[in-house]
Amino acid sequence: MSKRRQERMSIEIKKILAQILKDQVKDPRIDFTTVSVTRVEVASDLSHAKVNVSVLGDSTKQEDTMKALQKAKGFVRKELAQQLQVRHAPEIEFRLDKSIEHGLRINALLNDIKAEEQNKELHES
């Protein structure tokens, strides 16, 4: 399969998965305001898809959400196959992605440093 088709499938799968998780998965452990599909890596033969999912919250909430996603994997794969209109949907592997959480933490630290510098400037003048 061409690299371009693989990328297009990855983008399409990401869109469809986000919609399925938001609208069709009915697990109370998954809070869709804090869950987002950040990236999908599709194998060249479309047999596997590694789905990176970001979950904002503490480690317990992240763990519970990942367990719920693992439990819903079969349903999600079936829905994905129907919406992609393919005979064989890729095997889905959910992975916890902490990049958004990490970015928020760095942003908070930078804001703290900026506030300290401004406070220091006010005291010196």
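Structure notes:
- Proximal charge balance of Leu46 [Cβ under 15 Å; K/R count +1, D/E count -1]: +2
- Estimated inter-spin distance, Glu7 and Lys78, nm [label 7 Å along Cα→Cβ]: 3.5 nm
- Extension gain for the segment Asn119 to Phe32, taken as residue separation times 0.36 nm less the Cα-Cα distance, is 27.5 nm to one decimal.
- Cross-link partners for Lys15 among the aspartates and glutamates, with Cα-Cα distance under 19 Å and sequence neighbours closer than 8 places in the same chain left out: Glu7, Asp23, Asp31, Glu41, Glu79, Glu91, Glu93, Asp97.
- Taking a sphere under 12 Å around the Cβ of Arg8 and counting the other residues whose Cβ falls inside, with K and R at +1 and D and E at -1, yields a net charge of +3.
- Folded to 0 to 90 degrees: helix 99-124 orientation relative to the chain principal axis, Cα: 10 degrees
- Stokes-Einstein D (µm²/s) once Rh is taken as the Kirkwood radius of the chain over alpha-carbon pairs, at 4 °C in 1.567 mPa s: 79 µm²/s
- Looking at segment 3-98 alone, DSSP beta bridges between its own residues are antiparallel in about 55 percent of cases.
- The long axis of helix 3-23 is offset from the longest Cα principal axis of the chain by roughly 80 degrees.
- When only the Cβ of Lys, Arg, Asp and Glu is charged (+1, +1, -1, -1), the dipole of the chain relative to its Cα centre reaches about 900 debye.
- Per-residue ellipticity at 222 nm, computed for the chain from helices alone with -39500 (n - 2.57) per DSSP H run of at least four residues, works out to -19500 deg cm²/dmol.
- Under DSSP loop assignment and at most 10 Cβ neighbours within 10 Å, longest trypsin sites (Lys or Arg not before Pro)-free interval of the chain: 27-86
No lab work stands behind these numbers, since they all come straight from the coordinates. Remember, predicted model here, so these are calculated numbers, not experimental data. Quick reminder, even Gly has a Cβ in these numbers, built from the backbone with ideal geometry, and neighbours come from all protein chains shown.
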